[in-house]
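Here is the structure we will look at.
No value in this document is a laboratory result; all are computed from the given coordinates. Quick caveat: nothing in here was measured; it's all calculated off a predicted structure. Heads up, the Cβs are rebuilt from the backbone with ideal geometry, glycines too, and the neighbour counts pull from every protein chain shown.
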Amino acid sequence: MPLKAVILIGGPQKGTRFRPLSFEVPKPLFPVAGVPMVQHHIEACAKVPGMKEILLMGFYQPNEALSRFLVSAQQEFKVPIRYLQEYAALGTGGGIYHFRDQILSGGAEAFFVLNADVCSEFPLQEMLEFRQQHGDMHSFVILGTTANRTQALNYGCIVANAGTQEVQHYVEKPSTFVSEIINCGIYLFTPAIFQHIGEVFQRNQQELALCPYLGEESSNGWQRAEVIRLEQDVFTALAGSGKLYVYKTDGFWSQIKSAGSAIYASRLYLNQYSKSHPERLAQNKPGGPVIRGNVYIHPTASIDSTAVLGPNVSIGEGVTVGAGVRVRESIVLHGASLHDHTCVLNTIVGWDSTIGRWARVEGTPSDPNPNDPYAKIDSETLFRDGRLTPSITILGCSVTIPAEVVILNSIVLPHKELSRSYKNQIIL
Amino acid sequence: MGEVWGQEGGCWGDTPGWIRHGYAGREAPCAFGCVWMGRAGSSRGTGRGMPGWTRAGPGTAGRVKIRRDWGLGRDAGTGRGGASRTRALGSPRPCGVAHGRAAGPLALARDLLAEDGEPFFVLNSDVICEFPFAALARFHRQHGGEGSLVVTRVEEPAKYGVVVCEADTGRICRFVEKPRVFVSNKINAGLYIFSPGILQRIQLRPTSIEKEIFPAMAQDGQLYAMELQGFWMDIGQPKDFLTGMCMYLQALRAQHPEKLHSGPGVVGNVLVDPSAKIGANCVIGPNVTIGAGVVVEDGVRIKRCTVLEGARIRSHSWLESCIVGWSCSVGQWVRMENVTVLGEDVIVNDELYLNGANVLPHKSIAESVPEPRIIM
């Protein structure tokens, strides 16, 4: 069966919680567990038999990083990959509606839609089989997972019939408890979805016609009729119609909204590597650094043999790690240099940054409660009670940390050269 | 000349006295030990072997233990340093242990002190300086009064008790506690020498030398002040202890530079006990004292710290302005700063950050302390 996949990658106005890292590179290209975030999606899609084409959809201007990535991904996964640029932010539904002809060209009978900013096991094949068993060739499937009662309110909540798994009710970010099953942002559609989106589009146009005054907001809060959100506008309406189903997965899943969640997602993917890509995990070797747990080291990185790395560490291209360095729960981006005896914990070290000798760079993890199997990573606000919430320390690109200082729970903007210790600060 | 009488008095600000009662061995790498060494040494400088006394107050087992380490027991024993004989005197009941009430125990020891009719020294052990015993003894004999004390100039006299004395003779007119307007910049440095006659003034009850005995003696014109040359520091607080240590090391550099440590990775004034081991690629100093049997592993950076006997600093750690207590173990990649004080036998786990932590003895630290606090 011919299939396609659409990966929604957003644009510069989205993913602002990922600053200052998103200043350098579009968020979907940020490396998680050693490879760009969206490459995990592409790899999963390319594995599904019958996948004809993968379309990346967003409103980033064409840029070099994206183009280069597309070329190399095509070569690696042997499937056509294209970038479709939305002329404006059209919402999760508006984009695919706009490009529906592209998506359906070549006779695609079904297509996946995936949000780029999630980390998942991508049980795409299972979703296809599930649809065969439970629905029919015209059914739509949402991938769902279980959250705990408090955190479920932060996501799209799905109420499903226990036997048929048909979606009876859907609410996006309710204020009261509706269901523990949440929307993972990964869908399986058929061409029939465009009819439903089209109906929403019509409705929006009519509403806009009725409200000619620029000051008044239409029901979807935008001036444009073409801005359509799948979750609020389409799923809510489709619930209870017998056309929408939910496939519940127990596999790992997390949103990647902030830098802290990038480190958490890295850990999930690095765990998966022991089965899917054992060659990507560093091993303890004589003459090599001490490796604890799952660690990814790019082949061009140069690591002193007295360094101790891990668990959950990703070392990027061309990174140098000096003698007696300790790195734990961190991502070190390419070109960075860690001098002797430094200690880097819960930190993202930006591209080409330098950390001086004996410096300590440390953040605070915001990991979900390990005792609760359904806990999800919290999306913390930046400030609470007037103080910066302790979070992952982020060094932007080309930051210089002098020797012997401590940088704790701080965010350092790009190209900054520090001269002393900092704690709980944003350094502009 | 008479005996050396060491006074262990007082509390240490907010910090319990457990950290003060330390002595790091004969070579005294820790400044505190230097205090005792200095006394014995300077006393010997008077040209006579002298028995020395220390008073052990009631209650603190740690104190008695330390004295046993020196070869002192609760009974008379032989102290180190050859010619000096030190005895520990236990008080049967409290007679002035708290700060500034040391006169009482003097009364207890009346018989022993008055034994040979010679003047005797009394020292407040919370200070460090160059201990001018010989000069003080000479000064005392010259004026013939009942007592002499050493004064030192400080920048902020209002923090202390100020001494007003006659410029030419040094006879003390009066004391003023923490004056609000400037009276004098000379304060009581905590070193005294008394003729046995003073014992008539002291009754066997909690008595403060400074508050009760001295003012009376000043009124009678029997108390004289000698100005101290060189450095002086009240080392009662950990912060000041480290400052005093720096001053001591600086004086050592001027007088006995051969006693300081030198070599690769040594910066500035550093005192290292010969039995201590320092690893490769370390940078130690300036202003560091390292006690007997201490092990510093590879890649450690230490600045402005005292490391007491038997402690172990594991590799790649970074310490600044800390006091590491006896037999502590500081893990790998630990960062300690801002007057972090570890009591005896504290274990700090790997990869932690201690900022101004005051850790009581025998604790295990498994979490970072990012802001100053006391760990009980």
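The DSSP beta bridges internal to the protein assembly as shown are antiparallel in roughly 25% of cases.
On average, how many beta carbons from a partner chain sit within 10 Å of the beta carbon of a residue in B:332-340?
Working: counts 5, 12, 2, 10, 0, 4, 0, 0, 0.
So the per-residue partner count for this stretch is 4.
Count charges around A:His169 for me, please; just the other residues with Cβ under 15 Å from its Cβ, Lys/Arg as +1, Asp/Glu as -1. Its environment carries a net charge of -2. In whole percents, the pair-distance distribution calculated for region B:282-376 from its alpha-carbon pairs, binned every 5 Å from zero, is 4, 16, 29, 32, 15, 4, 0. Of all lysines in the structure, those lying under 18 Å Cα to Cα from B:Lys277, and not within fewer than 8 positions of it along the same chain, are B:Lys259, B:Lys303. Would you please classify the overall shape of the protein assembly as shown from the alpha carbon gyration tensor, given that a ≥ b ≥ c denote the square roots of the eigenvalues, rounded means a/c under 1.5, and beyond that prolate means a/b larger than b/c while oblate covers the rest? Since a/c reaches 1.5 and a/b is larger than b/c, the shape of the protein assembly as shown is classed as prolate. Listed by chain and number, the lysines whose alpha-carbon sits under 27 Å from that of A:Lys52, ignoring those within fewer than 8 places in the same chain, are A:Lys4, A:Lys27, A:Lys78, A:Lys243, A:Lys248, A:Lys275.
Under 14 Å of direct C-alpha separation, and excluding same-chain neighbours fewer than eight residues apart, B:Lys178 reaches these aspartates and glutamates: B:Glu155, B:Glu156, B:Glu210. Each peptide in A:23-31, B:119-127 receives the mean, over its residues, of other Cβ atoms within 10 Å, and ordering these scores from highest gives B:119-127, A:23-31.
Rounded if a/c is under 1.5, else prolate if a/b beats b/c, else oblate: with a ≥ b ≥ c from the C-alpha gyration tensor eigenvalues square-rooted, which is region A:281-427? Judged from the Cα gyration tensor, region A:281-427 comes out oblate (a/c at least 1.5, b/c at or above a/b).
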